[in-house]
Every structure is written in structure tokens, then in C-alpha cells.
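J.: Below you will find the structure I want to go over with you.
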Amino acid sequence: FKDDDISAGSLLQLADLALYRAKSTIEHEALIVDIKMKEELTYSSLLLKEMRQSIVDHDFVIYLQPKVNSNEKIIGAEALVRWQHPRHGLLPPADFMSQAEESNLIVKIGDQVLMQACEQLQRWQKNPTTKSLSMAVNLSAKQIWKSHFVEDFMATINTYDFDKSKLTVEVTETVLLQDINDATDKMNQLKLLGISISLDDFGTGYSSLNYLHRLPIDELKIDRSFIADFIQNKQMGLMVKSIIDLADNFGVKVVAEGVEDQEQFERLKGLNVAVYQGYLFSKPVSLEVFEQRLRQ
Ligand code: C2E
Ligand code: CA
Ligand code: CA
């Protein structure tokens, strides 16, 4: 590298970036990082600096997407994080989640998401008309695999007063299968508190049926890629039906995500899906807009 204008520090940062990216590919491939990526590095260090400041300033907020039953009645919501960026406006997870994960800042952001979700649940439960609503939060691998995850999670939710059976955590199978014994143990501890466990993006990972039955799962979310295709594509249709049968046999509730049109909704109702989520009903909205919807 001696002919290139790069400091030892930047070089090590690039090596770290390459290592992280290589590890995050499915095959754990070797990866070559070009020196031109220095620019990307500068961009991402600015982003990280802003992200740290935004954590302090509480710029990470939750948006809620309704979960509805077959009568289109709102029965709860999924909390989805948004970054209220001071210069760029409202950013979706796609714009910052990989950096948040890479840098471990997702742990702090996840804490703030959990706190906001609990606060909202507490508010709902004070009102008889919203008392039965449930709330789901997404957990990333970095949160689950940190030490004292369960203790910290408990400490956070116990600062709020609400019926814990209305809280669900959504986790992907890929995350849980990284260490099935530890995952089973942690998920069981959450369940002892009354919390429900939902398997997110079902069908996109290495769904190993052999392992699946060991996990203490209450709910399974059929990934939206299946829902998008299952009417046109016969194979996909069979897959969706099989997933629903499988869940039924295990006594697990099914949620269909990414429901975008009436035909998909009707077909899924015919298959006895319990809960639906998707643009057909609503995009994720701010807390204020969600409250308005509830009043309507
Ligand atoms: P996810 O958990 O699978 O969340 C569902 C995503 O699908 C959301 O995107 C939602 O806006 C989108 N969606 C919902 N209905 C439809 C539909 O009918 N059609 C289509 N095309 N999309 C639909 P969003 O909010 O951009 O979140 C993306 C991902 O970011 C989430 O996927 C989740 O993996 C992650 N994420 C969001 N919030 C959090 C969080 O607080 N913590 C963690 N760890 N991850 C989060
Ligand atoms: Ca989710
Ligand atoms: Ca999902």
C-alpha cells in the first residue's frame, strides 16, 4: 500500500469492513476491498457519527403498521423504526440498518424502540377501547447475542406497567439457528414473562424443520415474497398452504405479511390465516396517525 495515500488507521478500518462483509455473506466468502472504498468509509463514519448523536437526541422513533384479523379489525401493531434525521428527514431502516448492525449501535437503537413500544402499550392499556391491542418489536441478532440480553430486556419492560402478554418479539430463524440451545433458553425465559415469540420472514432462511419444533414459537410470519407470488405461481401457492398446515399442526398462529391486494386477502382467508399485515390495510404510520385510525 505504500504508493497509496492511506493511513494505517484507514487501512485497518477497511480490513475490518471487508471482514464484516465477508462474514455476512452466506458462504463466508473471502472479500477484496478496493482502496476506492475509502470514500465509502468516510461516508459511513459520518453516518455513524450522526447515528450516535441521534441516539442521544432520541431521533429514532417507531412507526406502527396495523395487524388485522379476517374482519379487517385492528388487533395490534408492529413497531418499525424510523430515523428522524436532522438534515435528511425521515429515513427507513434500509438506509441505516446495515451500518447500525455493523457498528453494534442497533443495540442502543433497539433499546429505544423497545421503550417506545412499551410506553405505547402502557398508554393503550389505560383505555378500555385499546386495552386488548398487542405490540410487536423486531430483535436483531446483535441484541439477542449480547450478554445479559434477558436481564436487560426484563429491566426495560419492568419500568412500564402493562400486561406483558400483549408484547411480542419478532426474530428471524437465521438468527435463532445460530445457536439453537442458547436461543431456546433465552426465548423460554422471555416466555416465562408472558411475552410471545414470533418467527419473522418465515421461509427465507434455512427453515430446518428438525430444529424448528424445538423453538418455543407462538407465531410464524409468512414472508412477503411468498404472499407476492402465491396466486400466480402454483409452487408458491403450495408452499404457502404447506406452511399454514405445518403451523396448524404445531399449534402456532400464522401471520401473512405483505398483503397488498384484495385477491391475496380473500385467498388467505380461505386458508384460515389468523392475522394479516400489509399495504392493503395500511403502511406503517406515525403514532398520531395510528391513533386516528383507531378512532375511525
Ligand atoms: P420486517 O420486520 O419484515 O418488516 C416488514 C417490512 O415490510 C417493513 O419495512 C414494512 O414497511 C414492509 N411492508 C409491510 N407491508 C408491506 C406490503 O404490503 N408490501 C411491501 N412491499 N412491504 C410491506 P420497513 O419498515 O422498511 O422495515 C424493514 C426491515 O427493517 C424490517 O423488516 C426489519 O427487519 C427491520 N426493522 C425495522 N424496524 C426494526 C427495529 O426496530 N429493530 C430491528 N432490529 N429491525 C428493524
Ligand atoms: Ca418484523
Ligand atoms: Ca418480516
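The values are calculated or read from the model by the stated rules, or taken from the named source; none is laboratory data. The structure displayed is predicted, hence computed values, not measured ones. Positions of Cβ are generated from backbone atoms using ideal geometry, with glycine treated the same way; all protein chains shown enter the neighbour counts. Keep in mind that these areas ignore ligands, DNA and RNA; they rest on the heavy atoms of the full protein, side chains included. Shrake-Rupley method; radii C 1.70, N 1.55, O 1.52, S 1.80 Å.
J.: Can you tell me how many residues within region 55-89 are basic (Lys, Arg), more than 13 Å from ligand 1 (Cβ to nearest atom) and under 19 Å from residue 168 (Cα atoms)?
T.: Residues that pass the stated criteria total 1.
J.: May I ask you to say which residue of 218, 201, 223 is acidic (Asp, Glu) and surrounded by fewer than 17 Cβ atoms within 10 Å (Cβ to Cβ)? Give the derivation first.
T.: Working: 201 fails: surrounded by fewer than 17 Cβ atoms within 10 Å (Cβ to Cβ); 223 fails: surrounded by fewer than 17 Cβ atoms within 10 Å (Cβ to Cβ).
Exactly one residue qualifies, and that residue is 218.
J.: Just give me the residues in region 33-76 being of a type in the set (Gly, Ala, Ser) and open to solvent by less than 40 Å² (accessible area, probe 1.4 Å), in sequence order. Full working, then the answer.
T.: Of region 33-76, the ones of a type in the set (Gly, Ala, Ser) are 44-45, 54, 70, 76.
Of everything in region 33-76, those that are of a type in the set (Gly, Ala, Ser) and open to solvent by less than 40 Å² (accessible area, probe 1.4 Å) turn out to be 44, 54, 76.
J.: Got at least one residue in region 161-169 being within 16 Å of ligand 3 (Cβ to nearest atom) and of a type outside the set (Phe, Trp, Tyr)? Before the answer, list the steps.
T.: Restricting attention to region 161-169, the residues satisfying the condition of being within 16 Å of ligand 3 (Cβ to nearest atom) are 168-169.
With of a type outside the set (Phe, Trp, Tyr) added as a condition, the list becomes 168-169.
Yes; the residues of region 161-169 include at least one that is within 16 Å of ligand 3 (Cβ to nearest atom) and of a type outside the set (Phe, Trp, Tyr).
J.: For region 249-284, which residues satisfy the criterion of being open to solvent by 10 Å² or more (accessible area, probe 1.4 Å), assigned to a helix (DSSP H, G or I) and not basic (Lys, Arg)?
T.: Correct list: 249, 250, 262, 263, 264, 266, 270.
J.: Only residues that are away from ligand 3 (no atom under 16 Å from the Cβ) and open to solvent by 50 Å² or more (accessible area, probe 1.4 Å): list them for region 170-181, please.
T.: To start, the set of residues in region 170-181 that are away from ligand 3 (no atom under 16 Å from the Cβ) comprises 177-181.
Result: 178, 179, 181.
J.: Among the numbered criteria (1) farther than 18 Å from residue 141 by Cβ; (2) away from ligand 2 (no atom under 16 Å from the Cβ); (3) open to solvent by less than 50 Å² (accessible area, probe 1.4 Å); (4) in contact with a helix residue (DSSP H, G or I) (Cβ under 7 Å, 6 or more places away or on another chain), which single criterion is violated by residue 186?
T.: Looking at each condition in turn, residue 186 falls short on (1).
J.: Mind checking which pairs have a first residue in region 216-239 that is in a loop (DSSP other than H, G, I, E, B) and a second that is within 13 Å of ligand 3 (Cβ to nearest atom) and not acidic (Asp, Glu), Cβ under 8 Å, 6 or more apart or different chains?
T.: Final answer for the pair search is 217/198; 217/199; 218/168; 218/198; 223/202; 223/203; 223/204; 223/258.
J.: Separate question: Quick one: which helices (runs of 4 or more DSSP H) sit completely within region 106-186 and have at least 3 residues that are of a type in the set (S, T, N, Q)?
T.: Values: elements: 106-126, 141-144, 149-157, 173-176.
Those helices (runs of 4 or more DSSP H) span 106-126.
J.: Looking at this structure, is residue 92 within 11 Å of ligand 1 (Cβ to nearest atom) and open to solvent by 40 Å² or more (accessible area, probe 1.4 Å)? Write out each step before concluding.
T.: Values: within 11 Å of ligand 1 (Cβ to nearest atom): yes; open to solvent by 40 Å² or more (accessible area, probe 1.4 Å): yes.
Yes.
J.: Let me ask you something else. Which one of the conditions (1) at pLDDT below 95; (2) assigned to a loop (DSSP other than H, G, I, E, B) does residue 101 fail to meet, given that it meets all the rest?
T.: Against the list (1) at pLDDT below 95; (2) assigned to a loop (DSSP other than H, G, I, E, B), residue 101 comes up short only on (2).
J.: Which numbered condition trips up residue 144, out of (1) open to solvent by less than 20 Å² (accessible area, probe 1.4 Å); (2) away from ligand 2 (no atom under 16 Å from the Cβ)?
T.: (2)
J.: On to the next question. Quick check: anything in region 76-94 outside any strand (DSSP E or B), within 16 Å of the chain's Cα centre (by Cα), more than 24 Å from residue 156 (Cα to Cα) and without any contact (Cβ under 8 Å) to a residue 60 or more places away in the chain? Give the steps one after another, and end with the answer.
T.: At the first step, the residues of region 76-94 found to be outside any strand (DSSP E or B) are 86-88, 92-94.
Next cut, within 16 Å of the chain's Cα centre (by Cα) only: 92-94.
The next check asks that each one be more than 24 Å from residue 156 (Cα to Cα); those that pass are 92, 94.
Filter again for without any contact (Cβ under 8 Å) to a residue 60 or more places away in the chain, leaving 92, 94.
The answer is yes, given that some residue of region 76-94 is outside any strand (DSSP E or B), within 16 Å of the chain's Cα centre (by Cα), more than 24 Å from residue 156 (Cα to Cα) and without any contact (Cβ under 8 Å) to a residue 60 or more places away in the chain.
J.: Looking at residue 112, is it of a type outside the set (Val, Ile, Thr) and over 23 Å from residue 77 (Cα atoms)? Show your work before the answer.
T.: Working: of a type outside the set (Val, Ile, Thr): yes; over 23 Å from residue 77 (Cα atoms): no.
Here the answer is no, as residue 112 does not meet what is asked.
J.: Every residue in region 192-227 that is more than 11 Å from ligand 1 (Cβ to nearest atom), among the polar types (S, T, N, Q) and under 26 Å from residue 153 (Cα atoms), please.
T.: 196
J.: Just checking, which of 175, 137, 169, 150 is within 16 Å of ligand 2 (Cβ to nearest atom), out of contact with any strand residue (DSSP E or B) (no Cβ under 8 Å at 6 or more places or on another chain) and of a type outside the set (Phe, Trp, Tyr)? Spell out the reasoning first.
T.: Working: 137 fails: out of contact with any strand residue (DSSP E or B) (no Cβ under 8 Å at 6 or more places or on another chain); 169 fails: out of contact with any strand residue (DSSP E or B) (no Cβ under 8 Å at 6 or more places or on another chain); 150 fails: within 16 Å of ligand 2 (Cβ to nearest atom).
Sole residue among the options that is within 16 Å of ligand 2 (Cβ to nearest atom), out of contact with any strand residue (DSSP E or B) (no Cβ under 8 Å at 6 or more places or on another chain) and of a type outside the set (Phe, Trp, Tyr): 175.
J.: Inside region 285-296, can you point out the residues that are loosely packed, with under 14 Cβ neighbours inside 10 Å and in a loop (DSSP other than H, G, I, E, B)?
T.: Hit for region 285-296 is 296, nothing else.
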